[in-house]
Every structure is written in structure tokens, then in C-alpha cells.
Amino acid sequence: MTSSAHREELLVYDQEEACAYLPDRIARLPLRWPLGVLTRAEMDERLAAGDRRSGFYLYRPHCPSCSACEALRIEVDRFGRAAHNND
């Protein structure tokens, strides 16, 4: 088991709300605050496991009747403008 699996977290928000992406769906995005600074390796592990990050908060969709959301990571050092966007 890795070190991030042992890091404690504080659940700071956990409410169902209207989905921002799909009409007539309910979303649940529990926000968690890791107690202590995550190392780069710990953060990479969390993101690879499907967590998302917003500032210091981590979250992962736990919607009651939907699993359409997918976590995507853009590798910034490999990201560039497409040639057709050079207006």
C-alpha cells in the first residue's frame, strides 16, 4: 500500500446538486481536504486513480444514478496549439 493511502482527509462538502453537464441528472462531488501536503508522487497517484483537484481540495464524482464523468489529465509539458488554431 502506498503512503497516500494512509494520509487522513477531512470531508468538507458532500451534497447532491443539479448536474452542471447533463440535464435532469443529480451530481454528487464530495470535496476532501488532505490533512497535510501531498507529495508530487502522492498527488500523481491520486489523479491516476481518478481523483480530481481544485486548489487544495480533492474530489471524485459519486453521482447516485450516473457514471458518465471521466477524469482526464492534460500533460501540460506535451500540450500545444494545433496548427489549425494559429489564426
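A DSSP coil position with no more than 16 other Cβ atoms inside 10 Å describes the following trypsin sites (Lys or Arg not before Pro) in segment 23-76: Arg25, Arg73.
Of the residues Ile74, Ile26, the one with the fewest other Cβ atoms within 10 Å heads the list, and the complete ranking is Ile74, Ile26. When the chain is treated as a GNM, springs tying every alpha-carbon pair under 10 Å, which of Asp14, Asp51, Asp77 comes out with the largest mean-square fluctuation? Its mean-square fluctuation being the largest, the pick is Asp77. All other residues whose Cβ lies under 10 angstrom from that of Gly36 are scored, Lys and Arg at +1 and Asp and Glu at -1, for a net of -2. Subtracting the Cα-Cα distance of Leu11 and Arg53 from their residue separation scaled by 0.36 nm leaves 13.7 nm.
Determine Rg/Rh for the chain; Rg is computed over alpha-carbon atoms and Rh is the Kirkwood hydrodynamic estimate from the same atoms.
Here Rg/Rh amounts to 1.06.
Where a number appears in this text, it was derived from the coordinates with a stated rule and is not lab data. These numbers come from a predicted model, not from an experiment. Counting neighbours? That spans all protein chains shown, and the Cβs are built from the backbone with ideal geometry, glycine included.
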